[in-house]
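Let me begin by presenting the structure, written as structure tokens, before commenting on it.
The values are calculated or read from the model by the stated rules, or taken from the named source; none is laboratory data. Not measured: the values here are computed from a predicted model. Neighbour counts are summed over all protein chains in view; Cβ atoms, including those assigned to glycine, are modelled from backbone coordinates with ideal geometry. The area values use the complete protein model at the heavy-atom level, side chains included, leaving out ligands, DNA and RNA. Shrake-Rupley method; radii C 1.70, N 1.55, O 1.52, S 1.80 Å.
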Amino acid sequence: MTTERPSDNSEWVELGRRLRETREYLNLSQQYVADRTGIPRSAISDVERGVRKVDSLEIKKLSKLYVFPVSYLLGEDEPDEGVRALARAVTDLTDHDRAEVLRYAQFLRFSAASQKRQQRR
Amino acid sequence: MSTWLEAHRLANLAAAQTHGDLNVDPAHFPVDVFGAIGEADVMLIWRPLPRLFGAYLDEPDSRPGIILNNGLSHAAQRQTAAHELGHHVLGHGTRTDLDLDPFTERHTKWSDVEKAAEAFASWFLMPRRAMAAAMARLGLERLTQPAEVYRLSLLLGTPYRSTLRHLPNVRLASQALTRSWMSVPPGRIKTGLDPAPVPTSREPDVWVVGPALTGLTLSVRPSDRLIIELADSADRVEVGPGVVELATRTAAAPGMRGAPSEAARRVPFEVDATPGPAEHTITVRSSTRSDSWAVQLKVEGHRSGIARRWVT
């Protein structure tokens, strides 16, 4: 049961890169992720290096832990209008500071959406 | 435009209310500001930020969140966190804070909203009861010199200069006295407390550790100095791995403290441990009496990423 996308090796590498970057953004160790999701640490390492395909159940588990939706992890999401509006408002920051604030703003929106989904269940 | 005095009057009340709302004991030090932010249901992340001290984000269709610059000193991170919590509690909406140093020129130009948040931060981290409890631990009835304020700031987990600035608000020092103490740089205070050679970095703090601190857990960082006060120069200091004795500026080598000099009664050690949850114990046993005393150390590391309570 592997995800239908990505379809070729370079896309697996890109997906692995996004997963690693997201994990490092949150400062979670591979061992911590393994403990929380039940995915072996070695598998997480292989997935992040693009040498192992990730199945749909695994990516859902990672998405739930990381709070970032599957579509974001697959590289399909663009910043939504709320974040774009904030980007227009915070113009007095350095590029790096601004990027960090906007990325966190996106994370907070994802978290709100995730919380809503959980409350509906 | 409100004055700082007006901002502090309101902040005192708001902070007291917030302590109650978030189950923070205002008589306990240091105030757990990161835990309080979680209790307030505000997400918290530490990230490297080139210029920003921190930011509070409160956008539509989003959870509220605080981002902190993890390159700041631990005390400055706590002060910034409390400042951003102030924006949340006071309903200020999204704010980005480029400079929260109260002693730069920008400080005189702060908006009402920034004054309110900064005053809140001071009262939240330094309520009268916590300050009184910390002073009692240090055996101080009143503050008479900058070194005492520095030691107080370490127990409170607050920046030295923010602590100094708060003293007139809690009537622990006059404005005039506070102003005169402001001219003494923290580096000079540390050098005065530390009998060991001056470290190459200005970052490490200097903790004076005596029997009055028995039972406390001190949040220290790698390379911090620990100046152990001995009642008798023959008293024995027991430390485990992670705490190493240093030579003093007046003694030839560590361990040689036979002479009953002032330096011999203040023995310098350095934290040489990896950050982690494990606690380290320093025990001092009397050479002539049966008593002993001990303090615990928790070595804090570099914070990064999302607060753990949000990823479970």
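Worth pointing out:
- Threshold 40 Å² - residues in the range B:83-97 whose accessible area is reduced by that much or more when the chain is no longer isolated, probe 1.4 Å: B:Thr96
- Residues of type aspartates and glutamates that A:Lys61 reaches as a straight line, Cα spacing below 13 Å, ignoring anything fewer than 8 places off in the same chain: A:Asp35
- Dipole magnitude of the protein assembly as shown about its Cα centre (Cβ charges: Lys, Arg +1; Asp, Glu -1), debye to nearest 20: 520
- Relative contact order [Cα under 8 Å, 6+ residues apart], the range A:1-79, whole percent: 40
- Proximal aspartates and glutamates relative to A:Lys53, as straight alpha-carbon distance under 14 Å, when same-chain residues fewer than 8 apart are discounted: A:Glu4, A:Asp8, A:Glu11, A:Glu14
- Computed over the Cα atoms of the protein assembly as shown, pair by distinct pair, the Kirkwood hydrodynamic radius stands at 24.0 angstrom.
- Contact order relative to length of chain B, as percent, for alpha carbon pairs under 8 angstrom and 6 or more apart: 16
- The C-alpha atoms of chain B define a longest principal axis, and helix B:74-89 lies at about 30 degrees to it.
- Carbon and sulfur %, accessible surface of the range A:1-79 computed with the full protein complex present, 1.4 Å: 45
- What a 1.4 Å probe finds exposed on the range B:75-203 is 51% carbon and sulfur by accessible area, rounded to a whole percent.
- Folded to 0 to 90 degrees: helix A:95-120 orientation relative to chain A principal axis, Cα: 70
- Taking the longest Cα principal axis of chain B as reference, the axis of helix B:128-137 is set at about 10 degrees.
- Neighbour cut-off at most 10 other Cβ (10 Å), DSSP loop, GluC sites (Glu not before Pro), the range B:109-143: B:Glu141
- Threshold 40 Å², the range B:293-312 residues less accessible with all protein chains present than alone (1.4 Å probe): B:Ile306, B:Arg308, B:Val311, B:Thr312
- Contact with the other protein chains removes 20 Å² or more of accessible area, compared with the isolated chain and a 1.4 Å probe, from these residues of the range A:20-60: A:Tyr25, A:Leu26, A:Asn27, A:Leu28, A:Tyr32, A:Arg36.
- B:Arg129 accessible area, 1.4 Å probe, all protein chains in place, Å² to nearest 10: 140
- The alpha carbon centroids of the range B:1-72 and the range A:23-77 are separated by 31 Å.
- Heavy-atom accessible area per residue - the range A:1-79, 1.4 Å, Å²: 53
- What the range B:132-216 shows is 47 Å² of accessible area per residue, with the surface traced by a 1.4 Å probe over protein heavy atoms.
- Net charge dipole size for the range A:1-79 [Lys, Arg +1 and Asp, Glu -1 on Cβ; Debye, nearest 20]: 360
- Average beta-carbon neighbours from other chains, 10 Å sphere, peptide B:55-66: 6
- Two-decimal Rg/Rh across chain A, once Rg and the Kirkwood Rh are taken from alpha-carbon atoms: 1.00
- Relative contact order computed over the range B:166-245 (Cα-Cα under 8 Å; 6+ residues apart), in percent: 22
- Using a 1.4 Å probe over protein heavy atoms, the accessible area lost on pairing A with B, summed over both chains, comes to approximately 2500 Å².
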